[in-house]
Amino acid sequence: MDTITLRLNKEQAGDIDFLAEIPTNLQSISEHKYESGLVIRGRLGNMLVSVTESSVKITNSLIKYYLGNNLQELRRSDIQRAITQLSDELHIPANKAEVLRFDYAKNITLSDEVTSYLSYLGNIGRYVRYQSKRGINYKMAAKEIAIYDKIAELKNKREFIPPLYQGKNIMRIEKRHLVNIKKYFNRSIITASTLYDEAFYLEVLKDWERDYFSIGKLHNSVLDMSGITTKKQLYLLGVRALLEQQGGEAAALLQLKERQKKGELTKKQVTDLKDAYIESNKYSILTKNNELVTELDEKVKEAIKYYR
């Protein structure tokens, strides 16, 4: 659990004078007067706190607040302790605050540079895919998936990298629930205490896992040239590679039919190409799983085993 936004209303807080009591626990305080009333803003560690007469809003990285960095993992029991710490330091029942946004993420340590894996990650569902030098973002209106080089991000922000993580290749896979999270998880309300409820936490974990494995893997096999000894084998291997690029033999055959209908190919040409497709299947043994994709999949499976 990383970035989080909580809102506690007067009704949930009991007999607490927000404007009089909460700012005394904050640093870097500023006051802002609007037509709607007074707003006092300040910090509790890295957490940004905004206080009005009727509500208090808390936002920023929960894991940085509790553990000091977001390279470690904030497990379910840690979330509960972090919320309890917020309650103690602000003197409010933070566990009753409504969750308006939260990010769930895991850091995956890999054997190669993170950018080597990114090129194999394709599209997912209705998300719009954006790629940069350091990562990929899949965006929708209410949610987002970010996959990027965590160490490169920290270096870019000139943030401290603990010695344990220096020199490591760490991919961060982050699901951001931005708005409408009650509707997404089919709940009437999601409070801070819901985040460490075991059933809900497992639901979030499964959602994260499902999204990762729904990402199409590009070129998820590579050609093994070790068995090629003749020109014919090389030719058939090329045909095999073409079939994979077209989405498989069925898709390639359908394309042949369409080209024949358009008059681009004769019946004999279609037959010859079909024969080449069929013969190339004998050489399917010349493909092997992409080691980087396989490693990433296995590391993700390993990462979801421990959540308590």
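Among residues other than I29 with Cβ under 12 Å from its Cβ, the summed charge is +1 (Lys and Arg +1, Asp and Glu -1). Karplus-derived 3J(HN,Hα) values for region 189-201, using 6.51 cos²θ - 1.76 cosθ + 1.60 with θ = phi - 60°, are 7, 10, 9, 4, 5, 5, 4, 10, 5, 4, 4, 5, 4 Hz; glycine and proline are entered as x.
Ellipticity at 222 nm from helices only: DSSP H runs of n ≥ 4 in the chain, each -39500 (n - 2.57), divided by the residue count, give -11000 deg cm²/dmol. Which of P23, L205, N290 sits farthest toward the positive end of the charge dipole of the chain, with +1 on the Cβ of Lys and Arg and -1 on the Cβ of Asp and Glu? Most positive-ward Cα: N290. Charges were assigned to the Cβ only: +1 to each Lys and Arg, -1 to each Asp and Glu. The resulting dipole of region 66-150 about its Cα centre is roughly 360 debye. Taking only protein heavy atoms and a 1.4 Å probe, the accessible area of the chain is 49% carbon and sulfur. Of the residues G216, Y235, I170, the one whose Cα sits farthest towards the positive end of the charge dipole of the chain is Y235 (charges of +1 on Lys and Arg Cβ, -1 on Asp and Glu Cβ, taken about the Cα centre).
Dipole size in debye (nearest 20) for the chain around its Cα centre, Lys and Arg Cβ +1, Asp and Glu Cβ -1? Don't skip to the answer; put the middle values down first.
Details: 49 positive and 40 negative charges, 247 e Å.
Roughly 1180 debye, rounded to the nearest 20.
Looking at the chain, the accessible area is 55 square angstrom per residue; that uses a 1.4 Å probe and ignores ligands, DNA and RNA. Positive contributions from Lys and Arg (+1) and negative ones from Asp and Glu (-1), summed over other residues with Cβ under 12 Å from the Cβ of T5, come out at +1.
With Cα atoms defining each centre, region 141-218 and region 36-61 are spaced 24 Å apart in the structure. A dipole drawn for region 33-94 from +1 and -1 charges on Cβ atoms has a positive end, and of S61, P93, V49 the residue lying farthest that way is S61. Among (i) 15.8; (ii) 22.5; (iii) 17.5, find the value of mean projected area of the Cα convex hull in nm² that was calculated from the structure presented, and write down its label. Identified label for the calculated read-out: (ii).
Here the relative contact order of region 132-242, from alpha carbon pairs under 8 Å that lie six or more residues apart, stands at 18 percent. Counting Lys and Arg as +1 and Asp and Glu as -1 over every other residue whose Cβ lies under 14 Å from the Cβ of Y65, the net charge comes to -2. Please compute the contact order of the chain in relative form: average sequence separation of alpha-carbon pairs under 8 Å and at least six residues apart, divided by the residue count, as a percent. This gives 17 percent for the chain.
The values are calculated or read from the model by the stated rules, or taken from the named source; none is laboratory data. Since we're looking at a predicted model, the values are computed, not measured. Positions of Cβ are backbone-derived with ideal geometry, glycine not excepted, and every protein chain shown enters the neighbour counts. Surface areas here come from the heavy atoms of the whole protein model, side chains and all, with no ligands, DNA or RNA. Shrake-Rupley method; radii C 1.70, N 1.55, O 1.52, S 1.80 Å.
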